[in-house]
Amino acid sequence: MHLPFKFRPGLAAIACIFALSACASGERTLTTSEKLDRATKAIENADKEIADKEKQEEEKEANVSDMDNEPPQEDTIKEKRAYTNAQIELKKAREAKVSIVRQQIKQLEEAVKLAEQRKAEAQSSAEQADSESKKAELEKKLDEQKARLALSEQELKEVETDVQQSEKIAEHLEKSSLQSVKPELRKQVLDTKGKEFNNLGEYKDKFKTAALFKAYLVKENQKNQDTAFTEEKVRDMDVYINGKKYEGKSGREYLVKPLGLQSQTVEIYGQDKDQNYYSEKSWVYEQPYSVVAGYFTQTIQNGKKDEDGADKLDIGLSDIQGLATQEAQLPTAGAFDYEGKAFGGSSAKTDSALEEHQGKFKYRIDFDKRKGSGSIEGLSEYGRIDLKEADIVKGNNLKYVNKPYYGVDNGEAASERGGLKYYSLGIFGPEGNEVAGVVGTSGDQNDLARDVGFGGQKK
């Protein structure tokens, strides 16, 4: 696909039409009306040429728009950059058109002056009236072209901003867990890791920047009939990720992070930060095909701080997401060891250091018997946590994982301290590459809160 187009020499040549006509050897002197007719014809040709370029531009724009739902890989960035170049060329064409019209007006002014001189010499006044009429018409066209040029410059600025944002996303994705995913599965992984954001309804199309976060906040608070985070109020708020203002729209940097255990904070607020403020700090264990996260949420609404559940780490069955291993992809024989990290605990607070609330996770699955067991060590709040042997079954607990998935729904857990009793996990990746799950004091599916999250990759 070739997005940039080249301009035919006709557009540049139009500017010379009067000079050529005046210098042509042996050509008779043109009347003012004939000069005006030629000027009008030149502008009509320029109009047609630019219209052709705009039609090409619309076709390219449609192609680029189709790319927006795809992970911005190198080819996509090249296409968008080429589209930007096409926009720049169109802007140049419009600038050339404005220059031509200005030249025509200047020549018409000279023609009017000449007509006035002839009138003074008893020439007919018809030529002058005709000249003045066509001059007014061309001045009107000049104003129209100036307006179109201004619009073109604004559109170009938006396109360049979009390309720059796409390049930033691409740069982020190059450092993200997506690079460890098979290329043909990257879009699926991106979709499944962001599945909880897929049901935002009409709101996701109502915000220009940071739409993902704003739409989620509006929808969640609409359930509670809150007045602080209505669509109108959130529209004027800004979104900050780790203290940096987020200027994008899709939020893909948030959905796919670098590999490993990390902390991330999203804040949403406007000028009245002391009155209306939303903050969500997350501890996330990111693997190529799965992710498990825990959240600390702080909210101020209408000047009142929400104390219910504030400062407490919330990990749930809905916070495990990823590309689940389907039954036909599960190994049918052999035993595999998974190793990774665990994090969390009921003692974790908003200002707690993640390093002080993480441990080592190990799990072994015997695919001959379809059973698994493992352990977590290093979380001082609990001591050793045993994840006792449990059947690998078709799961139901994990809310946002693509169905069906396979793993442990309600396995028995035992901790030296802290009273942990149950665990759930899913198996992820095209070859059973990973496991991810949670441990808690309750095994009730309706009680989604858990205390510890974990994940591991096959060794």
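Summarised in one figure, the compactness ratio Rg/Rh of the range 194-298, Cα atoms and Kirkwood Rh, is 0.95.
Rounded to the nearest whole Hz, the Karplus-based 3J(HN,Hα) values (6.51 cos²θ - 1.76 cosθ + 1.60, θ = phi - 60°) of the range 401-418 follow the sequence 7, 4, 9, x, 10, 10, x, 10, 7, 9, x, 7, 10, 9, 10, 4, 9, x, with x at glycine and proline.
Can you check what the net charge comes to around residue 384, using other residues whose Cβ is under 9 Å from the Cβ of residue 384 (Lys, Arg +1; Asp, Glu -1)? Write out the running numbers ahead of the final one.
Working: positive: none; negative: 377, 386, 416.
Net charge around residue 384: -3.
Between residue 52 and residue 327, what is the spin-label point distance in nm, taking each point 7 Å from the Cα along the Cα→C-beta axis? Distance between label points: 6.1 nm. Database remark: amide H of residue 318 closer than 5 angstrom to the amide H of 399 (H placed geometrically; neighbours at sequence offset of 5 or more, or on other chains; Pro and chain starts carry no H).
In terms of the mean number of neighbouring beta-carbon atoms within 10 Å, the peptides 400-413, 269-282 order highest first as 400-413, 269-282. Each label point was placed 7 Å from the Cα along the Cα-to-Cβ direction; for residue 184 and residue 231 their separation is 4.1 nm. Below 8 Å, C-alpha to C-alpha, sequence gap of six or more: please give me the relative contact order for the range 129-219 in percent. Averaging sequence separation for qualifying contacts and normalising by length gives 12 percent for the range 129-219. Reported value for the range 327-458: 98 Å³ per residue, from the convex hull of its C-alpha atoms.
For residue 371, the residues 5 or more places off, or on other chains, whose built amide H falls under 5 Å of its own are 366, 392. Relative to the current alpha-carbon distance between residue 150 and residue 366, full extension at 0.36 nm per residue lengthens the span by 71.1 nm.
If the label point is 7 Å along Cα→Cβ of residue 353, which residues in the range 242-279 have backbone nitrogen under 19 Å from it? Flagged as within label range: 261-265. With K and R counted +1 and D and E -1, the other residues having a Cβ less than 12 Å from that of residue 175 yield a net charge of -2. Between residue 384 and residue 275, full extension at 0.36 nm per residue minus the direct alpha carbon distance yields a gain of 34.9 nm.
Sum up the charges of everything whose Cβ sits under 11 Å from the Cβ of residue 371, counting Lys and Arg as +1 and Asp and Glu as -1, but leave residue 371 out.
Local net charge: 0.
Under 5 Å between amide hydrogens, built in the peptide plane, is the criterion, and for residue 325 it picks out 406, 427, 428, 429 among residues at least 5 positions away or on other chains.
None of the figures in this text is laboratory data; all of them are computed from the coordinates on show. In this text, all values refer to a predicted model and were calculated from it rather than measured experimentally. Quick reminder, even Gly has a Cβ in these numbers, built from the backbone with ideal geometry, and neighbours come from all protein chains shown.
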